[in-house]
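**Q** Sharing a structure with you now.
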Ligand code: XMP
């Protein structure tokens, strides 16, 4: 895109570091637009990108390994400032004629950075500032015209520069929180060295995106599947601002929703935002098809297929659509372009995959360049309530993957009632926003209990509450005992058919967040 907002962009070349996305998020927090591309991107594309600065990420490989990832060395001749981080710094060294050797002292974790001489990169940074190291190899000879500008106990060359060519290297990671003055260092690179100006601001972004959507869509009609989650909600409001009544939203009640979910979506979108909203009760269809299925993957597939069928039928009834709006985020886009290894399918995630081709629809994905926290900021900018913006994730297959074994209406009622109590109590304790997710699971076993003077033989509810930053890994939440006690008391007293409550204390890995 060649426009005002993308003029000042920074290119991040990905060498496979787990922190590459962190670099991008930090750069954008400094209000500078950036994109991540695989390190193998050809030189003409780099030239075309027209970056104000280039950042080479870290990576798990060693530059000493002949099969390690490379970038085109001609990028150093483009007269664009370059910052190499960790692997990126060692690659700069090797490609520009220096020497890297394996080291006896591997250095991981915290180190104190001692500054040697003035560098724009460290302006305003304290001496002995804490930085986060992670490397095995070490530079033994610098390329010509480079000098060392900082060292640590184990690294005589913790930071290097060629100030004339504006090429810099850091052996530590400025993009992680443990590097206390990392943000200052990145800002120095962006503003003092690359001379970027700030223009990646949410206020201007809303206007810019609205204009883009108008241009892309023209007078055509757009259909958007609403789930009630953050991404599709913010997408719907944004697209509605752009094209008004040419947007139709569809909310499918699959019978697997939590208490009050459908009403909340209707109220928000139809009443508050005045968006065309079609609410379809397809619960019979979904539940009939699920009857008797107990295998988790079969459940997911059945729900996914039914969703496509129902969506297609209803969209045809509503009108003639050219676009399908989706809340695809930047991390999903990078996942598909970066050189990630093949990974095993743990769970078939339910999304609207398959729909666009089947229905011959073009995709409208306004958030393809955004991270989740940016979508949240955008939502706030458009006055979407905190209740929607800060919602915990809820899986597409809904309560079906939280009822182990057979799914029946009775079992759904039990789970809904228990789940409602958990949500109420978590909110009352002020913990809702601290947790990635907190919910109830209905187990396929019965246990013996005693209530009054009688024997009971009833269901077990498990409580799952986790902390996480991205859902990829998670820890079970160390909730106060009193709160766990309240869950148990209320659920057993108020939910008919439950006589036992247990708390799940598994982290991910090895347990996943959802039980199925
Ligand atoms: P797991 O259970 O794999 O879940 O640890 C990680 C995160 O993904 C959510 N999840 C889903 N979200 N469709 C979705 O939209 C799905 O099929 C699905 N399965 C799991 C889960 O709630 C957690 O936040």
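No lab work stands behind these numbers, since they all come straight from the coordinates. Owing to the predicted nature of the structure, the values given are computational and were not obtained by experimental measurement. Note that we place each Cβ from the backbone using ideal geometry, even for glycine, and neighbour counts take in every protein chain shown.
**Q** For residue 278 and residue 207, calculate 0.36 nm times their separation in residues minus their Cα-Cα distance, and state this gained length in nm to one decimal.
**A** Stretched fully, the residue 278-residue 207 segment lengthens by 22.9 nm.
**Q** Based on Cα coordinates alone, diagonalise the gyration tensor for the chain, multiply each eigenvalue by 5, take square roots, and list the semi-axes in whole Å, largest first.
**A** Over the Cα atoms of the chain, the ellipsoid semi-axes are 47, 30, 20 Å.
**Q** So what is the diffusion coefficient of region 358-516 in µm² per second by Stokes-Einstein at 4 °C and 1.567 mPa s, using a Kirkwood Rh over Cα pairs?
**A** Estimated via Stokes-Einstein, D reaches 74 µm²/s.
**Q** Right, another one. Relative to the longest principal Cα axis of the chain, at what angle does helix 296-318 sit, 0 to 90 degrees, rounded to 10?
**A** Between the helix axis and the principal axis of the chain, the angle is about 80 degrees.
**Q** Working from Cα positions, state the angle (0 to 90°, nearest 10) between the long axis of helix 481-494 and the longest principal axis of the chain.
**A** 30
**Q** Sort 120, 240 by Cβ crowding within 10 Å, fewest neighbours at the top.
**A** 120, 240
**Q** OK, next. Arrange the peptides 315-322, 391-398 so that the one whose residues have, on average, the most other Cβ atoms within 10 Å appears first.
**A** 391-398, 315-322
**Q** Another question, if that's okay. Say each of residue 7 and residue 266 gets a label point 7 Å from the Cα, pointing the same way as Cα to Cβ; how far apart are those two points in nm?
**A** 4.9
**Q** Given Cα pairs under 8 Å that are at least 6 residues apart, what percent is the relative contact order of the chain?
**A** Value for the chain: 10 percent.
**Q** Another question about this same structure. Over region 34-115, consider all pairs of different Cα atoms and compute the Kirkwood hydrodynamic radius from their mean reciprocal separation; express it in Å, one decimal.
**A** 14.2
**Q** Using a Förster distance of 60 Å, how high is the FRET efficiency between residue 259 and residue 44, based on the Cβ-Cβ distance and rounded to 0.05?
**A** The value I calculate is 0.60.
**Q** Pop a pseudo-label 7 angstrom from the Cα along the beta-carbon direction at both residue 127 and residue 447 and give the gap in nm to one decimal.
**A** Going from the residue 127 label point to the residue 447 one covers 6.2 nm.
**Q** Could you work out how far the C-alpha centroid of region 299-316 sits from that of region 55-94, in angstrom?
**A** Here the answer is 46 Å between Cα centres.
**Q** For residue 347 and residue 432 in the same chain, what is the full-extension length gain: residue separation times 0.36 nm, less their Cα-Cα distance, in nm?
**A** That works out to 28.0 nm of additional length.
**Q** On to the next question. Within 10 Å of each residue's Cβ, count the other Cβ atoms and sort 507, 197, 227 from fewest upward.
**A** In order of increasing Cβ crowding within 10 Å: 197, 507, 227.
**Q** Using every pair of alpha-carbon atoms in region 146-215, split the distances into 5 Å bins beginning at 0 and state the percent of pairs per bin, rounded to integers.
**A** All Cα pairs, binned at 5 Å, distribute as 4, 13, 16, 19, 15, 9, 8, 8, 5, 3, 1, 0 percent.
**Q** How much FRET efficiency would the formula 1/(1 + (r/R0)^6) give for residue 494 and residue 215, where r is the Cβ-Cβ distance and R0 is 51 Å, rounded to 0.05?
**A** 0.45
**Q** To one decimal place, what orientation-averaged projected area in nm² is obtained for the convex hull of the Cα set of region 196-283?
**A** Across all orientations, region 196-283 yields a mean hull projection of 7.0 nm².
**Q** Right, another one. List 206, 450 from most exposed to least, where exposure is judged by having the fewest other Cβ atoms within 10 Å.
**A** By the 10 Å Cβ count, ascending: 450, 206.
**Q** If each residue of separation counts as 0.36 nm, what is the full-extension length gain between residue 79 and residue 106 once their alpha-carbon separation is subtracted?
**A** Full extension of this stretch gives 6.4 nm more.
**Q** Here's something else I'd like to know. Which distance in nm do the two modelled labels at residue 478 and residue 294 give, with both placed 7 Å along the Cα-to-Cβ direction?
**A** With each label point 7 Å from Cα toward Cβ, the separation is 3.8 nm.
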